[in-house]
Amino acid sequence: MSTTLITGSSSGIGLELAKQFAKDGNDVVLVARSEDKLTELAETIRSSFGVRADVIISDLSKPEAVDRLCERLQDRGLEIETLVNNAGFGALGKFTELSADRQTDMLMVNVVALTRLTRQLLPQMIERGSGGILNVGSIAAYQAGPNMAVYYASKAYVLSFTEGLREEVKGTGVHVTCLEPGPTESGFGDDSGMGRLDMFSKSTMSALDVAKAGYRGYRNNEDIVIPGWQNRLMVTSTSFLPRIVTRKIVARMQGV
């Protein structure tokens, strides 16, 4: 039995990814801020799939969160085979008008915690010659994002980091994959303010479909997984347009 740790697993894509790994026989460690939601999910996973489900409450926006999380893993004797860096959030609005604290917390969760947790757990995977990292990014990574500048930049980091890391671990037996979803039916739209935009009302995928694509891609050791033909078309089209054009298109779509 292998153990998978999923951050941000209380809802949305993270919740569905937890179920995908558990369904395939993996024990899971569920990490998020919401104790009630995680406890309920853990009970569902245990009864439905007969695997172990541990709950660890953690606010990854806090500087000490990753180190404390790793201490709890060690205290419980949990050895992580697969790390799913799913936790993340966004905020719609102009950089100068959004709260500085919220945007800093966004970087802590989307970038710093993801990086530090990977650094803490990856060496053991390489030593064992198995396991891997599944980072959840976004198609936002492929262009600048006026009116969500920090969020788009954070997802560009996730994509670049994942690709660089994948080359570093080549030949070690460790998988490194980046899941790049577009608009998804989850709490992200409401939390970020993007739910009111046309892109969310017209082209959303279900969190389950995104999770299935991501899980399948990770198991197949794919480098990048972009679920949904509309999302793949969008990413492909951006490669043919100058960046000055793509950022103006995004600014128009996300006008606030």
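Here, each number is a calculation from the coordinates, and none is a lab measurement. All values derive from a computational prediction rather than experimental measurement. Note that each Cβ is placed from the backbone with ideal geometry, even for glycine, and that neighbours are counted across all protein chains shown.
Under the 0.36 nm per residue contour assumption, what length would be gained going from the current alpha-carbon distance of R252 and R72 to full extension? Between R252 and R72, full extension yields an extra 60.3 nm. For the residue pairs K23/K212; K23/K155; K19/K170; K19/K212, the C-alpha atoms sit more than 19 angstrom apart in K23/K155; K19/K170. Between E167 and R128, the simple label model (points 7 Å from Cα in the Cβ direction) yields a spacing of 2.8 nm. Residues whose amide H falls under 5 Å from that of T184, counting only those 5 or more places apart or on a different chain, are M205, with hydrogens built in the peptide plane. Close amide H contacts of I224 (hydrogens built in the peptide plane, cut-off under 5 Å, sequence separation of 5 or more or a different chain): C178. Computed on segment 3-253, with alpha-carbon pairs under 8 angstrom and 6+ residues apart, the relative contact order is 19 percent. Under a 5 Å amide H cut-off, with hydrogens placed 1.01 Å from N, V28 pairs with T4, R52, A53, D54 among residues at least 5 apart or on other chains. Across segment 83-97, computed HN-Hα scalar couplings (Karplus, 6.51 cos²θ - 1.76 cosθ + 1.60, θ = phi - 60°) run 10, 10, 8, 9, 4, x, 8, x, 8, 8, x, 5, 4, 6, 9 Hz from first to last residue, x flagging Gly and Pro.
Counted over the chain with a bin width of 10 Å, the fraction of Cα pairs per bin, in whole percents, is 7, 32, 38, 19, 4, 0. In terms of other Cβ atoms within 10 Å, I224, I56, I244 run from fewest to most in the order I244, I224, I56. Calculated mean residue ellipticity, 222 nm, the chain: -15000 deg cm²/dmol, from DSSP H runs (n ≥ 4) at -39500 (n - 2.57) each, averaged per residue and rounded to 500.
Both the radius of gyration and Dmax for segment 33-128 are 15.7, 49 Å, in that order, over alpha-carbon atoms. In sequence order, segment 215-229 has phi-based couplings of 5, 4, x, 5, 4, 8, 6, 7, 7, 9, 10, 10, x, x, 5 Hz under the Karplus curve 6.51 cos²θ - 1.76 cosθ + 1.60, θ = phi - 60°, and Gly or Pro positions carry x. Simple spin-label estimate for R102 and D24 gives 3.6 nm between the two label positions (7 Å along the Cα-to-Cβ direction from each Cα).
The residues neighbouring V210, those whose beta-carbon lies less than 12 Å from its own, together hold a net charge of -2 under the Lys/Arg +1, Asp/Glu -1 convention. Annotation note: trypsin sites (Lys or Arg not before Pro) in segment 45-150 located in DSSP loop regions with a Cβ neighbour count of at most 11 within 10 Å are R76, K94. Computed from backbone phi with θ = phi - 60° and the Karplus coefficients 6.51, -1.76 and 1.60, the 3J(HN,Hα) list for segment 134-142 is 10, 9, 9, x, 5, 5, 4, 5, 8 Hz; x is used for glycine and proline. Counted by Cβ distance under 10 Å from M148, the other residues give a net charge of +2, where Lys and Arg count +1 and Asp and Glu count -1.
For S58, S206, the sequence from fewest to most other C-beta atoms within 10 Å is S206, S58.
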